[in-house]
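Written out below as C-alpha cells is the structure these notes cover.
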Amino acid sequence: MTATTRSGSDTTSTSTASTATATAGIDTAGIDTARVERFAGELIGTYAGAITTLMIDLAERTGLLDALAEGPGTSTQLAERAGLTERYVRECLAALATAGIVEHAHGTFTLPPEHAVCLTGPGSANLAPMARICTLLAPHVSGVARAFREGGGIPYEEFRPEFTDVMDGMSRGLMDGQLLDGIVPLVPGLPGKLAAGARVADIGCGTGHSTNLLAKAYPASRFVGYDIATDAIARARAEAAEWGLTNVAFEVRDVVGLPADPPFDAVFAFDAIHDQVDPAGVLAAVRRALDSDGVFVMMDVNAASRLDDNIGDPAAPLLYGVSTLHCMTVSLAHGGAGLGTMWGRELACAMLADAGFGDVTVHDVPDDPLDCLYVARPA
C-alpha cells in the first residue's frame, strides 16, 4: 500500500509501512508489511461502514428505502416516488450501491427483496431504525472524550429528545411482533395470570408502547409504566388515550424508588437496567415491590460478562461502543455504577441473586439476537 500526495498533476508515493511508523516513533524492525496492508484496508472498510450507516439512516428517514421497496427505478424515478430532490437521492443511492445495500445496473437501482426485509416494513426484522443510534451518539464524542480526562459523564437529559425517538424506533417493531406471542409466553403461567387480572409494572418504559400493548391485550389487568423522561411519558399517555385504554397509567419516576405497596404480580424491564445509576438498588426495589409469587421479566443485552468471551462476536463492537457513548456515561454522569451495556449474563444472574431472586432462567428473545430474557422469581 502507498500513501499518496497530490500537487496539481504530480503524484508522489511513499511506503506507508515505513514512513508512517517512523513518524509515529515505532520501531519498524520486524514489522509485517502484509499485515499493515491488511489492517489498513480493514480500517478503510470500518470507516466506510460508519458512513454507510448514516446513509441508511438518511434513506430510512426520508422514505427512500420505502420507495426502493416498491420496485426498481432510476434516481429520478425514485426521487419522484419519495417526493425528494433528485441530486441528493442520486448521491445517497451511489453510496448504498457501492456498499452493496442496493444493486445498480444501467442507471436503475434495485433493493433486493432479501435486503428489503431487513430495511423496511413494520415488523421486528426491519433493522433500519438501528442506524439512527449512530447518528444520535456521534455528536457526543467530544463530551465523552472530556469525561475520559475529567471523569463524570454526559447526563441522560442531553441525549433527549432524540434518544426517545431512537429507542422507540428500535423497539417498536419487536414489541409489535413478539411481545404478546413470543416474549410473554416464555414465562410459565404469566399469560394466564395476566388474563385473569394482575397488577403489573413496566420500569424504564420509555414511550410506553410495550405497556400499552400489554394493557390492550389483557384488559382484566392493571398496568403502570415508569420512566424518568417526561417527553417519553407524555407520548405513552397520548398513545394510551388514542387507544382508549382505561387500565394503564404512566408516571415520571426514578425506579430506584419503585412503590412496593400494594405489591405487583409482575414487573417488566426492557433494556432498562444496565444504564441505571444504581442498578443494584433498582433490582432490590423490584424484589421488594413483587408479591411473594410474583415474577420479574427482564430483557437485556445478550452477552458474556468477560471481555474474552465476547471477542469474535460481530455485535460486540457495536454494543461496547454504545456503552461507552451512552449507557455507561449516563450512569457515571450522576456518580453511578457505570455498569454498561455489556454487563453480561453472569453478572446479571449474580446481581439478581444478590437482590433476592432465587429462581432465574435465561431465554433467547424471538427475532432479537442482541437480547436475552431473564425470568426471575423471589427466593
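The values are calculated or read from the model by the stated rules, or taken from the named source; none is laboratory data. Just so it is clear, the structure is predicted and the values come from calculations on it, not from any experiment. So basically every Cβ, Gly included, is an ideal-geometry build from the backbone, and we count neighbours across all protein chains shown. Note: areas computed on protein heavy atoms with side chains; ligands, DNA, RNA excluded. Shrake-Rupley method; radii C 1.70, N 1.55, O 1.52, S 1.80 Å.
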Qualifying position, being touching a Ser or Thr at 6+ places or on another chain (Cβ under 7 Å) and in contact (Cβ under 8 Å) with a residue 40 or more places away in the chain, among CYS327, CYS372: CYS327
The one condition in (1) surrounded by fewer than 16 Cβ atoms within 10 Å (Cβ to Cβ); (2) in contact (Cβ under 8 Å) with a residue 40 or more places away in the chain; (3) part of a helix (DSSP H, G or I) that LEU319 fails to fulfil: (1)
Near pairs, Cβ below 9 angstrom, 6+ apart or cross-chain, from segment 193-217 (farther than 18 Å from VAL295 by Cβ) to any residue that is aliphatic (A, V, I, L, M) and in a loop (DSSP other than H, G, I, E, B): GLY206/ALA229; GLY206/ALA272; THR207/ALA229; ASN212/LEU245; LYS216/LEU245
Single residue of LEU174, LEU186 found to be out of contact with any His (no Cβ under 6 Å at 6 or more places or on another chain) and hydrophobic (A, V, I, L, M, F, W, C): LEU174
Test: residue in segment 136-158 that is within 27 Å of VAL365 (Cβ to Cβ) and among the charged types (D, E, K, R): no
In segment 64-111, residue nearest to THR53 (Cα to Cα) [restricted to those that are among the polar types (S, T, N, Q) and in a helix (DSSP H, G or I)]: THR98
Check on GLY204, on the phi > 0 side of the Ramachandran plot and not aromatic (Phe, Trp, Tyr): yes
Output for segment 54-98, where each listed residue is under 11 Å from PHE109 (Cβ atoms), in contact with a Ser or Thr (Cβ under 8 Å, 6 or more places away or on another chain) and open to solvent by 20 Å² or more (accessible area, probe 1.4 Å): PRO72, THR74, ARG90
Test for ASP309: is it free of Cβ contacts under 8 Å to residues at least 40 places away in the same chain, open to solvent by less than 60 Å² (accessible area, probe 1.4 Å) and under 20 Å from GLU346 (Cβ atoms): no
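Of all residues in segment 340-379, how many are farther than 29 Å from ASN126 by Cα and either open to solvent by 40 Å² or more (accessible area, probe 1.4 Å) or aromatic (Phe, Trp, Tyr) (or both)? Before you say what the answer is, go through the steps one by one.
Keep residues of segment 340-379 that are farther than 29 Å from ASN126 by Cα, which gives 346-347, 349-360, 376-379.
Adding the requirement that they be either open to solvent by 40 Å² or more (accessible area, probe 1.4 Å) or aromatic (Phe, Trp, Tyr) (or both) leaves 346-347, 349-350, 353-354, 357-360, 377, 379.
Residues flagged as farther than 29 Å from ASN126 by Cα and either open to solvent by 40 Å² or more (accessible area, probe 1.4 Å) or aromatic (Phe, Trp, Tyr) (or both) within segment 340-379 amount to 12.
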Residues located in segment 154-173, provided they are aliphatic (A, V, I, L, M), open to solvent by less than 30 Å² (accessible area, probe 1.4 Å) and assigned to a helix (DSSP H, G or I): VAL166
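Kindly evaluate GLY294 against the criterion of being out of contact with any Leu (no Cβ under 7 Å at 6 or more places or on another chain) and in a strand (DSSP E or B).
Working: out of contact with any Leu (no Cβ under 7 Å at 6 or more places or on another chain): yes; in a strand (DSSP E or B): yes.
Criteria met by GLY294.
Out of curiosity, is LEU78 under 28 Å from the mean Cα position of the chain (by Cα) and without any contact (Cβ under 8 Å) to a residue 60 or more places away in the chain? Can you show your working first?
Details: under 28 Å from the mean Cα position of the chain (by Cα): no; without any contact (Cβ under 8 Å) to a residue 60 or more places away in the chain: yes.
The answer is no for LEU78.
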Qualifying positions in segment 102-135 - in contact (Cβ under 8 Å) with a residue 60 or more places away in the chain, crowded, with 16+ Cβ neighbours inside 10 Å and over 25 Å from THR74 (Cα atoms): SER124, ARG132, ILE133, CYS134, THR135
Selection within segment 214-269 - touching a Ser or Thr at 6+ places or on another chain (Cβ under 6 Å) and open to solvent by 30 Å² or more (accessible area, probe 1.4 Å): ASP231, ARG235, VAL252
Filter result (touching a Pro at 6+ places or on another chain (Cβ under 9 Å) and aliphatic (A, V, I, L, M)) within segment 106-137: LEU111
Residue among ALA337, ALA289, ALA304 that alone is in contact (Cβ under 8 Å) with a residue 12 or more places away in the chain, surrounded by fewer than 23 Cβ atoms within 10 Å (Cβ to Cβ) and farther than 22 Å from VAL256 by Cβ: ALA304
Pairs, first in contact (Cβ under 8 Å) with a residue 40 or more places away in the chain and under 14 Å from ALA128 (Cα atoms) in segment 43-67, second open to solvent by 30 Å² or more (accessible area, probe 1.4 Å) and hydroxyl-bearing (Ser, Thr, Tyr), C-beta under 7 Å, six or more apart: LEU54/THR135; ASP57/THR135
Pair list, Cβ < 7 Å and 6+ apart or interchain, from segment 83-96 residues that are in the same structural domain as ILE51 (by the TED database) to residues that are exposed (fewer than 14 other Cβ atoms within 10 Å of the Cβ) and in a helix (DSSP H, G or I): GLU86/THR76
